Amino acid sequence: MKVGVCVNFDSLEEIEGKIKMMVREGFDNCQIISWDPAVWTDENAVKLKEMLAENKITVSAFWSGWEGPRVWNFYDGPKTLGLVPREYREVRVKNLCDGGDFAKKLGVTDVITHMGFIPENPNDPEFEPFCDAVRVVAQHLRANGQHLLFETGQETPATMLRCFEVVGTDNLGVNFDMANLISYGKANPVDALDTIGTYVRNVHAKDGRYPRNGHKLGGEMPMGQGKVDFRGVLSGLYALGYNGYVTIEREIEGEQQILDIRESKKFLQKIIDEVCV
């Protein structure tokens, strides 16, 4: 397994600094995360691809955001996130297709997003229309030679699997965020591998704790200080045949983020060296 890091792309100037940080810290791969369709231009694709090549950085996946409101809690989240809210569905389908096209220009085959709080009840009247929207994106990406990855967290593993079955395309996969499954209170990540482990194509390595009330998500924690069983997850993935990217995500800003990423890299590499044998 190869340890990488998440890198935000809001502008070429900003991501250039992030890439330099990656090189200093000894990384050679990343996920690019971008929420702004305005920067997904042909010109930016050319310049960004050159920048990555010059620094010998591999992009393991492109994390595509979408337009409109986004609130990360249990009350407003279901109304604002992903393709689930009907009022934002059409524009976000376009956003994800456009994100896939931008990723293709970078030579990236895996496109990730949060799909939202997918209805747990398959008889919910919004479930089938939601799956129809996912299918439109998946088919567009399939024509590009790409996979559409759901990031774990806002749905139970069984709900995600059910959606895959209903959508029915052969290019759906999982970006397995270990901490999100805990922070949203949806699953133990080790056990979740029993349900969706064979679909994993990339991994977010971060730590967190379970929710402590019914409104807010559980908090993110420095790696090793939360509830994620990293050894259990990584050994479980390896047993399933996964030997791909493990991408550090630390959702804070400033110098502490860099310090935590540095320590996380050491933490993960030690476990990988022990379990991937």
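The values are calculated or read from the model by the stated rules, or taken from the named source; none is laboratory data. A quick note: this is a predicted structure, and the numbers were derived from the prediction, not measured. Methodologically, a virtual Cβ is constructed for each residue, glycine included, from the backbone with ideal geometry; neighbour enumeration extends over all protein chains shown.
Among ALA143, ALA133, ALA103, which is the only one that is in contact with a Phe, Trp or Tyr (Cβ under 7 Å, 6 or more places away or on another chain) and either closer than 20 Å to PHE62 by Cβ or of a type in the set (Ser, Thr, Tyr) (or both)? The match here is ALA103. Of the residues THR152, THR156, the single one that is surrounded by 21 or more Cβ atoms within 10 Å (Cβ to Cβ), closer than 18 Å to VAL174 by Cβ, out of contact with any Gly (no Cβ under 8 Å at 6 or more places or on another chain) and hydroxyl-bearing (Ser, Thr, Tyr) is THR152. Once segment 245-260 is narrowed to residues that are in contact (Cβ under 8 Å) with a residue 40 or more places away in the chain and surrounded by fewer than 17 Cβ atoms within 10 Å (Cβ to Cβ), the residue that is farthest from HIS204 (Cα to Cα) is ILE258.
Within segment 50-107, being under 18 Å from the mean Cα position of the chain (by Cα), part of a helix (DSSP H, G or I) and either among the small types (Gly, Ala, Ser) or at positive phi (or both) holds for GLY77, GLY99, GLY100, ALA103.
Does segment 33-41 include one or more residues that are of a type outside the set (Lys, Arg), assigned to a helix (DSSP H, G or I) and surrounded by fewer than 17 Cβ atoms within 10 Å (Cβ to Cβ)? Looking for residues that are of a type outside the set (Lys, Arg), assigned to a helix (DSSP H, G or I) and surrounded by fewer than 17 Cβ atoms within 10 Å (Cβ to Cβ), one finds at least one in segment 33-41, hence yes. Condition (residue is surrounded by fewer than 16 Cβ atoms within 10 Å (Cβ to Cβ), touching a helix residue (DSSP H, G or I) at 6+ places or on another chain (Cβ under 6 Å) and in contact (Cβ under 8 Å) with a residue 12 or more places away in the chain) applied to segment 80-100: is it met by at least one residue? Looking for residues that are surrounded by fewer than 16 Cβ atoms within 10 Å (Cβ to Cβ), touching a helix residue (DSSP H, G or I) at 6+ places or on another chain (Cβ under 6 Å) and in contact (Cβ under 8 Å) with a residue 12 or more places away in the chain, one finds at least one in segment 80-100, hence yes.
This table checks each residue for (1) at pLDDT below 95; (2) more than 16 Å from ILE112 (Cα to Cα); (3) of a type in the set (Val, Ile, Thr).
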residue	(1), (2), (3)
MET1	no, yes, no
GLY26	no, yes, no
VAL39	no, yes, yes
LEU48	no, yes, no
GLU54	no, yes, no
VAL59	no, no, yes
TRP63	no, no, no
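Of the residues making up segment 124-137, those that are crowded, with 23+ Cβ neighbours inside 10 Å and within 18 Å of ASP98 (Cβ to Cβ) number 2.
Rundown of residues vs (1) over 18 Å from CYS6 (Cβ atoms); (2) aromatic (Phe, Trp, Tyr); (3) under 20 Å from the mean Cα position of the chain (by Cα), yes/no style:
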residue	(1), (2), (3)
HIS204	no, no, yes
LYS227	yes, no, yes
VAL233	no, no, yes
LEU240	yes, no, yes
GLY244	no, no, yes
GLU255	no, no, no
GLU263	no, no, no
CYS276	yes, no, no
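Look at VAL190 and say whether it is surrounded by fewer than 21 Cβ atoms within 10 Å (Cβ to Cβ), of a type in the set (Val, Ile, Thr) and without any contact (Cβ under 8 Å) to a residue 24 or more places away in the chain. No; evaluated as a whole, the condition is false for this residue.
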